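Each reported figure results from applying straightforward, stated rules to the coordinates on display, with no laboratory input. Since this is a predicted model, take the numbers as computed values, not measurements. Neighbour counts are summed over all protein chains in view; Cβ atoms, including those assigned to glycine, are modelled from backbone coordinates with ideal geometry.
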């Protein structure tokens, strides 16, 4: 499996395309916010001869869903989220106005996904971990074969997600990180919703906000 990252929109959000040797792909957190960003994403898919099969949101903060409508309309693929973030998805237009960003409302989710659900595309399997705290319905996607985690805004390189936004809670986030992410092998690579990649091992012992002692 391969991962391609785009950095989109005013918030510097990471959008991911995951694909394997079958050329099937999933699109995670499309943050494309204008025609140029949409073109960059679509051209990559065309150039790689990929076939999108799923649209996934780690959570539904506005910077991670700006491109939901574009992806859904262009590729006619189902949208999966966790049910606890549906109110945030529904409120997208109001939140976009607060931030002064252009936004075409996201379609409704086709399916709710939760802890221990499995998502398959091509020959690849993603396991779902329920990791709330940054938002009520934050989820992380884990691929054990390639030792990767895509966690949205739960954990960052040297930091953690904000908990001062509506629905955020530090104790909940801390619990999610310690009990769902730090239990993974230390060489798992973490692909975050903003910034650069990191590893479970590095954050487990070095993260200034949530760490475990040796």
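Order 190-197, 45-52, 13-20 from most to least packed using the mean count of other Cβ atoms within 10 Å.
Working: 190-197: 19.0, 45-52: 14.2, 13-20: 23.1.
Highest mean packing first, the order is 13-20, 190-197, 45-52.
Would the chain count as rounded, prolate or oblate if I go by the C-alpha gyration tensor, calling it rounded below 1.5 in a/c and otherwise prolate when a/b exceeds b/c, oblate otherwise? Before the final figure, lay out each step's value.
Values: a/c = 1.64, a/b = 1.21, b/c = 1.36.
Verdict is oblate for the chain.
If packing is taken as the average count of other Cβ atoms within 10 Å, what order do 77-89, 24-36, 171-183 fall into, highest mean first?
Details: 77-89: 19.6, 24-36: 21.7, 171-183: 18.1.
Top of the packing list down: 24-36, 77-89, 171-183.
At 222 nm, what helix-only mean residue ellipticity would the chain give, in deg cm²/dmol to the nearest 500, using -39500 (n - 2.57) for each DSSP H run of four or more? Write out the running numbers ahead of the final one.
Details: 7 runs with 52 residues, N = 214.
Using -39500 (n - 2.57) per qualifying helix, the result is -6500 deg cm²/dmol.
For the pair residue 205 and residue 48, what calculated FRET efficiency results from E = 1/(1 + (r/R0)^6), where r is the Cβ-Cβ distance and R0 = 25 Å, to the nearest 0.05? Working shown, then result.
On the way: r = 37 Å, r/R0 = 1.47.
The formula returns an efficiency of 0.10 here.
Using a 7 Å offset from the Cα along the Cα-to-Cβ direction at both residue 104 and residue 187, what is the distance between the two label points in nm, to one decimal?
That separation, rounded to one decimal, is 4.4 nm.
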